[in-house]
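The values are calculated or read from the model by the stated rules, or taken from the named source; none is laboratory data. Computed from a predicted structure; not experimentally measured. Note that each Cβ is placed from the backbone with ideal geometry, even for glycine, and that neighbours are counted across all protein chains shown.
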Amino acid sequence: MNNKYQLIYEGKAKKVFSHDDADKVFIEFKDDATAFNALKKAKFEGKGKLNCLISARIFEHLIKHNIPTHFLKLKNDNTMIAQKIKVIPLEIVLRNIAYGSLCKQTTIKSRTNLVKPLIDIYLKNDELNDPLITKDRIELMNILSSKDLDLMIDLTLKINIILKNFFKNIQLQLVDFKLEFGYDFENKILLGDEISPDNCRLWDLNQNNDTIVSLDKDRFRNDLGGLLEAYSEIYSRINNFIELN
Ligand code: TMP
Ligand code: ASP
């Protein structure tokens, strides 16, 4: 990034830089992959670019469906221009199918189809290891009003319907995903962060048997190999679908 722009924030997978316009930022996607709160780390050359391009396509799709997001446009293949937001320190996870931490922390059997989407909210705090949090604790900590929390949950449920359909069209099952939101300068809630195989579980529906084929970061979390191939596959399915429609 041109050094006239200031690094505002560096996370595990992205860097945020100032923009000429005070209400915008540049978001640069890194090639780093982390799991288990960065206990496990690796670099995959080209991952940043794939996640940036996949996220951009998905944000564009959500914007078409009237979801307010921070995405404005791509600057280049691994950098997007977004509205500057004050990030709400919560991670909203929506689950359609039981998998991952839900099955480690409860007696719900892995791969159970959930009768309605489950929303799990985590406090975004690396030092505390992003703990699961309750509505009452959110209120106690004054993180946001209950009206805004309800709005965020409502948006997450709407996004799920749009994304489930979107991914089904490209033969992918949306198992679960994590979202982050923030306030823009007018105090409006926008979807932030990224939507990519780093923060969604996506299973290939092109399977004759019931083996799970993960095309997401579980390839890294669970040492399955082939992460870049999986992310490239998703990007090419998205592009083929967009070209046809
Ligand atoms: P979990 O089953 O490990 O709780 O993950 C649920 C979903 O949230 C899954 O799609 C991966 C995503 N996720 C993140 O994006 N960041 C995280 O730090 C964690 C723990 C999960
Ligand atoms: N993003 C988290 C981390 O680094 C974990 C995950 O995605 O599983 O550590």
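Is it fair to say Leu163 is assigned to a helix (DSSP H, G or I) and modelled with pLDDT of 95 or more? So Leu163 fits the description; yes.
Within the stretch 185-196, how many residues are outside any loop (DSSP other than H, G, I, E, B) and over 13 Å from the mean Cα position of the chain (by Cα)? Explain how you work it out, then say what you get.
If we filter the stretch 185-196 for residues that are outside any loop (DSSP other than H, G, I, E, B), which is where we start, we get 189-191.
Retained after the next criterion (residues that are over 13 Å from the mean Cα position of the chain (by Cα)): 189-190.
Final tally of qualifying residues: 2.
Figure legend. Inter-residue proximity from the stretch 164-189: first residues in contact (Cβ under 8 Å) with a residue 40 or more places away in the chain and within 16 Å of ligand 2 (Cβ to nearest atom), second residues part of a loop (DSSP other than H, G, I, E, B) and small (Gly, Ala, Ser), beta-carbon distance below 6 Å, spacing 6+ or different chains. Indicated pairs: Glu180/Gly192.
Which of the following residues is surrounded by 17 or more Cβ atoms within 10 Å (Cβ to Cβ) and within 15 Å of ligand 1 (Cβ to nearest atom): Ile143, Ile195, Ile138, Ile170?
Working: Ile143 fails: within 15 Å of ligand 1 (Cβ to nearest atom); Ile138 fails: within 15 Å of ligand 1 (Cβ to nearest atom); Ile170 fails: within 15 Å of ligand 1 (Cβ to nearest atom).
Only one candidate passes the filter, namely Ile195.
Within the stretch 118-133, being more than 12 Å from ligand 2 (Cβ to nearest atom), in contact (Cβ under 8 Å) with a residue 24 or more places away in the chain and either crowded, with 17+ Cβ neighbours inside 10 Å or farther than 18 Å from Phe177 by Cβ (or both) holds for Ile121, Leu123, Asn125, Ile133. Would the stretch 198-219 turn up any residue that is assigned to a helix (DSSP H, G or I) and within 16 Å of ligand 2 (Cβ to nearest atom)? Yes, the conditions are met somewhere in the stretch 198-219. Checked against (1) in a helix (DSSP H, G or I); (2) within 21 Å of Phe17 (Cα to Cα); (3) in contact (Cβ under 8 Å) with a residue 60 or more places away in the chain; (4) away from ligand 1 (no atom under 16 Å from the Cβ), Ala56 meets all criteria but (3).
Counting just the residues of the stretch 27-53 that are in contact with a helix residue (DSSP H, G or I) (Cβ under 6 Å, 6 or more places away or on another chain) and assigned to a strand (DSSP E or B), which one comes out farthest from ligand 1 (Cβ to nearest atom)? By that ranking, first place goes to Phe29. Close Cβ contacts (under 7 Å, 6 or more residues apart or on different chains) running from residues in the stretch 204-224 that are of a type in the set (Gly, Ala, Ser) to residues that are part of a loop (DSSP other than H, G, I, E, B) comprise Ser214/Leu224.
Annotation: of all residues in the stretch 106-117 being free of Cβ contacts under 8 Å to residues at least 12 places away in the same chain and among the polar types (S, T, N, Q), the one that is farthest from Asp154 (Cα to Cα) is Thr107. In the set (1) away from ligand 1 (no atom under 15 Å from the Cβ); (2) under 30 Å from Asp21 (Cβ atoms); (3) not in a strand (DSSP E or B), the condition left unmet by Asp223 is number (2). The set of residues in the stretch 166-184 that are more than 20 Å from Ala98 (Cβ to Cβ), in contact with a helix residue (DSSP H, G or I) (Cβ under 8 Å, 6 or more places away or on another chain) and not in a helix (DSSP H, G or I) comprises Ile170, Gln171, Phe181.
When the stretch 10-23 is filtered for residues that are crowded, with 16+ Cβ neighbours inside 10 Å, in contact (Cβ under 8 Å) with a residue 40 or more places away in the chain and either of a type in the set (Lys, Arg) or more than 16 Å from ligand 1 (Cβ to nearest atom) (or both), the ones remaining, listed by number, are Lys14, His19. Here Leu7, Leu53 are screened, and the one residue that is modelled with pLDDT of 95 or more and either surrounded by 20 or more Cβ atoms within 10 Å (Cβ to Cβ) or in contact with a Leu (Cβ under 9 Å, 6 or more places away or on another chain) (or both) is Leu53.
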